[in-house]
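Shown next, in structure tokens, is the structure this report addresses.
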Amino acid sequence: MSSTTPSGGGLNRRNFLTATASGAALPFASKAMAQMPDANQADADPRDLVDVNLRINGRDHALKLDARTTLLDTLREHIGLTGSKKGCDQGQCGACTVMVDGTRVLSCFTLAIAAQGTEITTIEGLAGEGGDLHPMQQAFVDHDAFQCGYCTPGQIMSAVACVNEGHASSDDEIREYMSGNLCRCAAYPNIVAAINQAKDVMGKA
């Protein structure tokens, strides 16, 4: 979903996404700072492991982590949920997108400790209990909305949120609100088609 906004000055896709991601991360950053070990204590060490309790896809996980561990690394390396991908690790590609309390966030920009007390949903949590695909997952299959597949989990998570947020009323709006998820295989037309199919099934047309 490329932008036609000139890159010289003003608002462009990258500036918009960076500002949006930074703004969305502020509440989590403040919460994380409040939960980190007291730096004023003589024996405090930022590498000390802290207790982190996360609720992911309806299951509770009690972990001991370095307070600086991102949500993405926690999902992939400590819980074994590898669907969320590490693409750029700089908040620019969207491959790591998950939902926190229904809001899409870049998990590479979010500290795990800041996500305590929330409901985290990853791509592994979208399918039904019987294994039935979420309407958005099925639509991506139906429209071949992926090629290499690396960005697909983040694309699907962002697409679900895009529809739930009410930002899928037109192709142009879908492109705008999906612009934070990059597809290097350029499957963008198929992604838009998939979202248009899924939004009707989801009842959010």
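No lab work stands behind these numbers, since they all come straight from the coordinates. This structure is a prediction, so every number in the text was calculated from the model and none was measured. As a convention, Cβ positions derive from the backbone with ideal geometry for all residues, glycine included, and neighbour counts pool all protein chains shown.
Listing for the model above:
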read-out	value
Efficiency of FRET from Cβ geometry, residue 184 and residue 48, R₀ 35 Å, rounded to 0.05	0.35
Cβ-Cβ FRET estimate between residue 148 and residue 200, R0 fixed at 41 Å, reported to 0.05	0.90
Segment 135-201 pair-distance distribution - Cα-Cα, 10 Å bins, rounded %	25, 64, 12
Cα centroid separation, segment 57-83 to segment 158-195 (Å)	27 Å
Other-chain or far-sequence residues with amide H under 5 Å of residue 111's (modelled H)	71
Loop-resident sites, segment 35-139, for trypsin sites (Lys or Arg not before Pro), counting at most 10 other Cβ within 10 Å (DSSP)	47
Projected label distance in nm at residue 129 and residue 103, using a 7 Å step from Cα toward the beta-carbon	3.0 nm
Calculated from backbone phi, Karplus (6.51, -1.76, 1.60) coupling profile of segment 133-150 in Hz, x at Gly/Pro	5, 4, x, 6, 4, 5, 5, 5, 5, 4, 9, 6, 7, 7, 10, 6, x, 5
Loop GluC sites (Glu not before Pro), segment 98-205 (other Cβ atoms within 10 Å of the site Cβ: 14 or fewer; DSSP)	129, 165
